[in-house]
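To start, the structure under review is shown below, and the notes come after it.
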Amino acid sequence: MALINCIDCSKNISDKAHTCPECGCPIQHTLAEIKKAKEKKEKNKLAELDALKQFLYFTIGFMILYYLFIY
Ligand SMILES: [Zn+2]
């Protein structure tokens with residue numbers, strides 16, 4: 001069990017609680033949404049890294065071919 005801050009009233013509440021005892025804000029639902037958004041962000045980051053890697057490989061490969069043709 002961990003204590004988290006309520007998003008609505010920022011009181012310390014258990015992350016196992018379904019709703020905030022102070023303001024009734026739905027905790028599990030909010031946590032799930034935050035987790036989802038985080039995962040989506042990380043996925044986007046990974047996709048960006050993959051694109052960068054592909055670009056680097058292409059550039060390096062092109063440079064090697066270029067040098068092979070020149071010399
Ligand atoms: Zn609250």
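Set Lys and Arg Cβ to +1 and Asp and Glu Cβ to -1, take the dipole of the chain about its Cα centre, and tell me which of C25, L56, I13 lies farthest positive.
Of C25, L56, I13, it is L56.
What is the dipole size for region 3-70, taken about its Cα centre, with +1 at each Lys and Arg Cβ and -1 at each Asp and Glu Cβ, in debye to the nearest 20? Intermediate values should be presented prior to the final figure.
On the way: 10 positive and 8 negative charges, 22 e Å.
Roughly 100 debye for region 3-70.
Give me the mean projected area, in nm² to one decimal, of the convex hull enclosing the Cα positions of the chain. If you can, show how the numbers build up before the last one.
On the way: hull surface 26.3 nm².
Averaging across all directions leaves 6.6 nm² for the Cα convex hull.
What angle, in degrees between 0 and 90 and rounded to the nearest 10, separates the Cα long axis of helix 27-70 from the longest principal axis of the Cα atoms of the chain?
It is inclined by approximately 10 degrees.
A short reminder: the numbers here are calculations on the coordinates, not readings from a lab. These figures come from a predicted structure and were not determined experimentally. In this analysis, Cβ positions are derived from the backbone assuming ideal geometry, glycine residues included, and neighbour counts consider all displayed protein chains.
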